[in-house]
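The values are calculated or read from the model by the stated rules, or taken from the named source; none is laboratory data. The model shown is predicted, which means the values in this text are computed figures rather than measured ones. In this analysis, Cβ positions are derived from the backbone assuming ideal geometry, glycine residues included, and neighbour counts consider all displayed protein chains. To get the accessible areas, we keep the full protein, side chains included, count just its heavy atoms, and leave off ligands, DNA and RNA. Shrake-Rupley method; radii C 1.70, N 1.55, O 1.52, S 1.80 Å.
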Amino acid sequence: MEPAELRASIPALDRCTYFNTGASGPTPRPVVESATAFLERHAFEAPAGEGPYTVAWDALAAAREVVAGHLGTDSETVAFTQSTADGVNLVAGAIDWQPGDVVVRTDLEHPAGSLPWDRLADTHDVEVRVVETERGRLDLDDVRTAVGDARLVTLSSLTWTHGTRLPVSEVVDIAHDAGAQVLVDAVQSVGQHPVDVTEWGADFVAAAGHKWLLGVWGGGFLYVDPDAYDGLRQTRIGYRSVEEPTADAYEFHEGARRFEVGTTSPVPYVALAEAVETIESVGLDTVQARVERLTDRLKDGLGDRLLSPREYESGLVTFAVDDPDATVERLADEGIVARQLPFPDGAVRASVHVFNTADDVDRLLDAL
């Protein structure tokens with residue numbers, strides 16, 4: 001699929017110039033149509049045919065294969081969630097925390113990647129150790145100092161504040177050498193860059209499909225390394241998380257499906273699989289090359305207002321303005337969708353994706 005064809009399939013782009021995919025992407029019509037068609041089949045046809053459970057579980061299994069392939073892993077390692085925050089909370093709730101345990105995170109994490117640990121500090125007397133960064137950059141020596149006695153290290157693969165790529169594999173090696181597990185928030189990476197979770201080596205990777213994959217809300221996923229379960233003590237359980245629900249003694253599924261507890265709608269995951277296949281039909285090489293050209297154009301126009309790195313790392317471009325709230329409102333009045341950030345101070349973020357054009361970028365620059 002060519003980028004122009006993808007753009008033509010996204011109805012929202014007929015009404016606005018969209019630069020907020022880092023929050024939520026505009027969904028192509030075929031993704032919504034796939035979800036609608038499945039919902040109708042499940043609701044109207046399945047009860048009198050194969051049965052709603054059979055149809056649902058088959059759809060989830062097929063979607064799991066697609067997502068796992070996109071992540072470079074096996075389907076057994078992937079659990080479906082509602083969102084990235086849901087996946088983070090599932091991991092947080094599956095660890096047998098003891099008073100004094102240490103969680104290390106960066107100061108670049110989204111609230112989805114910071115609030116669960118703040119809550120654990122209140123409820124389980126867990127220490128949350130924050131590694132400070134500079135302009136979206138993580139110093140590995142600071143990581144080594146922080147993780148010496150940590151139980152878990154958590155970081156984003158790509159920062160939502162600056163659009164910088166963090167050295168995930170290097171952090172994983174440092175954390176594992178110290179005996180800590182690692183949880184990665186990858187929601188800003190999937191759909192932008194190739195993601196191979198096995199190359200990262202992390203214990204857990206949480207993400208969702210409603211941003212750069214251009215899926216619908218509710219289609220989250222969690223990768224769990226097969227060796228990570230030894231460090232868990234799960235308390236959530238249901239008929240879908242065990243091998244045989246009616247057995248005298250339950251046994252969790254060997255794979256990540258143990259995190260899926262009960263009945264859930266397959267619709268967001270049918271849409272997720274269609275979204276993954278749509279982005280893959282465009283090609284991540286095409287996505288990256290086009291986004292690099294467009295972000296170069298935007299950064300050249302922003303000049304010294306740029307807060308993100310000058311060289312290409314992602315489609316997230318953060319820049320300084322005098323009044324972020326007023327600027328975003330004024331842009332919206334002109335049909336341009338961007339967002340203000342809580343930090344860095346005085347920042348607005350434009351998310352540039354493969355469906356954007358040079359005319360979009362010029363329109364944003366002219367409006368600024």
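Some points to look at:
- Being in contact (Cβ under 8 Å) with a residue 60 or more places away in the chain, under 15 Å from residue 77 (Cβ atoms) and outside any strand (DSSP E or B) is a property that holds for residue 254.
- Only one entry of 65, 40 meets the criterion of being in a helix (DSSP H, G or I) and over 23 Å from residue 196 (Cβ atoms), and that entry is 40.
- Scanning segment 118-151 for residues that are crowded, with 22+ Cβ neighbours inside 10 Å and over 19 Å from residue 170 (Cα atoms) returns a single hit, 126.
- First in segment 211-226 and more than 16 Å from residue 69 (Cβ to Cβ) and touching a residue at least 60 places away in the same chain (Cβ under 8 Å), second anywhere and charged (D, E, K, R) and assigned to a loop (DSSP other than H, G, I, E, B), Cβ under 9 Å, 6 or more apart: 224/203; 225/203; 226/74; 226/254
- Applying the criterion of being in a loop (DSSP other than H, G, I, E, B) and open to solvent by less than 30 Å² (accessible area, probe 1.4 Å) to the residues of segment 322-343, the residue that is nearest to residue 287 (Cα to Cα) is 338.
- Any hit, segment 203-216, residues being touching a helix residue (DSSP H, G or I) at 6+ places or on another chain (Cβ under 7 Å) and modelled with pLDDT under 95: no
- Those residues of segment 7-34 which are within 17 Å of residue 191 (Cβ to Cβ), touching a Pro at 6+ places or on another chain (Cβ under 7 Å) and part of a helix (DSSP H, G or I), in sequence order: 12, 13
- Qualifying residue in segment 293-305 (condition: assigned to a loop (DSSP other than H, G, I, E, B), of a type in the set (D, E, K, R) and open to solvent by less than 20 Å² (accessible area, probe 1.4 Å)): no
- Here residue 76 fits the description: open to solvent by 60 Å² or more (accessible area, probe 1.4 Å) and closer than 26 Å to residue 270 by Cα.
- Boolean, residue 50 is among the acidic types (Asp, Glu), over 23 Å from the mean Cα position of the chain (by Cα) and either outside any helix (DSSP H, G or I) or closer than 13 Å to residue 355 by Cβ (or both): yes
- Matching residues in segment 72-100 - criterion: being in a helix (DSSP H, G or I) and over 17 Å from residue 112 (Cα atoms): 75, 76, 77
- Segment 152-184: number of residues that are open to solvent by 10 Å² or more (accessible area, probe 1.4 Å) and either over 29 Å from residue 324 (Cα atoms) or among the polar types (S, T, N, Q) (or both): 10
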